[in-house]
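Structure first, then comments.
The values are calculated or read from the model by the stated rules, or taken from the named source; none is laboratory data. Given the structure is predicted, the values throughout are model-derived calculations rather than measurements. Backbone-built Cβ (ideal geometry, glycine too); neighbour counts: all protein chains shown. Note: accessible area is taken over every heavy atom of the protein model, side chains too, but ligands, DNA and RNA are not part of it. Shrake-Rupley method; radii C 1.70, N 1.55, O 1.52, S 1.80 Å.
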Amino acid sequence: MSNQNNKSALTTLVTVFFFWGFIAASNGVFIPFCKTYFNIDQFQSQLVDFAFYGAYYIGALLLFIISSGIKRDIVNTWGYKKAIVYGLLLSAIGAFIMYPATAGAEQGQTGVFYFVLIALFIVGLGFSLQQTGANPFAVALGEPKTGSHRLNLAGGINSFGTTIGPIVVSLVIFGAASWSTDELAVMIANNEITLVTVQGLYMGVGVLFLIAAALFHFSKKLPALKSDTPFESANKARNLLIILTLIIVGCFGYIFSTYSGSEVVTKDLEQTRLIVLFIALFAVIAAVFIANSSASKNEKGWGAMKYPQLVLGMLAIFTYVGVEVTIGSNLGELLKQGSGESGLNALGLAVLNDSEIGKYISLYWGGLMIGRWVGAITVFNPSKGLKKILLIVVPYIAFGVIIGVNWIAGSTYSINEILFFAICVAVQIFGFFLAKDRPVKTLKLFSMLGILGMLIGLFASGNVALFAFLSGGLFCSIMWPCIFTLSIAGLGKYTSQGSAFLIMMILGGAIIPPVQGKLADVFTIQSSYWIAVVCFGYLLFYAFRTKTVLDKQGVDY
């Protein structure tokens, strides 16, 4: 392919990255709306993430099981282009199902919420297939050594979707007006705010999925592209993942059964639910360490899992996606929930309602956009001097875009809020300068900054606590390429399989937010953010541990 065709193909490709970001971040607004509309608790509201991100895991696992059965990589058989088209069509089906799933639904009908989850699960299944094809597609559109730069560029577009998604969804559901909490409750009770707007939103998204699928299918500038890497069997890894899936399904199935409506919600029942959730969480951790331990004794049948950097990286992706999603998904409740003092929320700030939190969720996900735009600078091959200037200028340009998009939508930030976040951005820039594009150093620094931000949020109050939590987006922003690069380093012929295992671990976005939601139900919403501290803590451990592993193997990273 010519360089011009490569650029045209990449331009077409990044549209799906935008979709992922738009829908994923929109969940942050959709979750508190569902909680109010369907009269559900914080754990149940986080099942939006469980359905959406759980579909990534199930989709990737099904592809792996099918490929194992036919002894060849099914996505490679189709080609990356067809895989993306099939994924877009599947997501369109899920989006269209949202209409009949919610038809005639009224406030308080909790049963309808589970139909919403099924529709979101199908959308997520399509995203899983799209991502399986799109990531290696982006790498294949040019020199392999610049593949990570193209992924960073695509990630920047993805993050633009995460920035405007919450704003658009907030406008669609609530309109431009900012209703009071009491007014919203009355309007929802009187069916003045209904799921009709949500139906319209997803019908529109479904149409966009179909247009994107047609664009991919009929574009002559997009090659089919297939990998020459042979499929490597890993029966023991497959069996372990199936057992893990059954445990997770069993745990969540039990918890769902306790929400039948007849049970009296007691403190003991809530604690039991929390314990079962932790069993599911620890099952993931145990599976990873069982694989690592067993493969070190006998690597036969473990495939890519025989490499400790990959197995540890799988848990790193799990915790990274989990912490990235859970901070944003529980943010709405943090800003809404009163602490007992009239008019104040858990942070000591004015209680916000569903229609007012969109701009803060946009700011959180915008923090990820800022970091990814910085990560994409290398794509344009600037000189060293220009790169240093861009490292300072680009983050604040991105911040300006966030402020501008919200202003156009009718949401504004106070001078104090802009100043607080500008300081957080300055800390991120300082981290980039210290890290010097080195994956291990970047991961260490940003994990430590993430821990610090969460601790400040836990022990402080007011805007200091709020923006400490919001800074989590800034510090998560650059972690995915770092973890991915380190995890597949030195895998050789197992690189493709290792990448598939890493995609499965997006499961973290399905498990960790519900765990935090139940922690909030049992304790308090602010204290539930201790789980974010633990996640960043593991990422810090991973950065140190993987360096030791790769140094021992003599792998260049």
Summed residue charge, Cβ within 12 Å of residue 43's Cβ, Lys/Arg positive, Asp/Glu negative: -2
Accessible surface of residue 541 in the full protein assembly, 1.4 angstrom probe, to the nearest 10 Å²? 100 Å²
With a 1.4 Å probe and all protein chains left in place, how much of the accessible area of the range 294-406 comes from carbon and sulfur atoms, in whole percent? 61 percent
Quarter of the surface of the C-alpha convex hull for the chain, i.e. direction-averaged projected area in nm², equals 24.1 nm²
Run lengths n ≥ 4 of DSSP H only: what is the helix-derived mean residue ellipticity at 222 nm for the chain, with -39500 (n - 2.57) per run over all residues, to the nearest 500? -26000 deg cm²/dmol
Going highest first, how would you order 491-503, 158-170, 384-396, 400-412 by mean Cβ packing within 10 Å? 158-170, 491-503, 400-412, 384-396
Solvent exposure of the chain as accessible area per residue, Å², 1.4 Å probe: 38 Å²
May I ask which residue of 45, 385, 164 lies farthest towards the positive end of the charge dipole of the chain, with charges of +1 (Lys, Arg) and -1 (Asp, Glu) on Cβ and the Cα centre as origin? 385
Percentage relative contact order, the chain, counting C-alpha pairs under 8 Å, at least six apart: 24 percent
Tell me, what % of the accessible area of the range 80-140 is carbon and sulfur with a 1.4 angstrom probe? 69 percent
Taking the mean number of other Cβ atoms within 10 Å as a proxy for protection, how do you rank 239-248, 307-316 from highest to lowest? 307-316, 239-248
Give me the one-decimal nm value for the distance between modelled label points at residue 257 and residue 522, 7 Å along each residue's Cα-to-Cβ direction. 2.0 nm
Which of rounded, prolate or oblate describes the range 444-557 when judged by the alpha-carbon gyration tensor and an a/c cut-off of 1.5? prolate
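Please report, as a whole percent, how much of the solvent-accessible surface of the range 417-557 comes from carbon and sulfur atoms (probe radius 1.4 Å).
Carbon plus sulfur share of accessible area: 69 percent.
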Point-charge dipole on Cβ atoms (K/R +1, D/E -1) for the chain, about Cα centre, debye to 20: 2520 debye
Cα-based Rg and Dmax for the range 380-451, in Å, come out at 14.5, 41
If the viscosity is 0.890 mPa s and the temperature 25 °C, what translational diffusion coefficient in µm²/s does Stokes-Einstein give for the range 1-120 when Rh comes from Kirkwood over Cα pairs? 147 µm²/s
Select from 141, 466, 426 the residue farthest towards the positive end of the dipole of the chain; place +1 on Cβ of Lys and Arg, -1 on Cβ of Asp and Glu, and compute about the Cα centre. 141
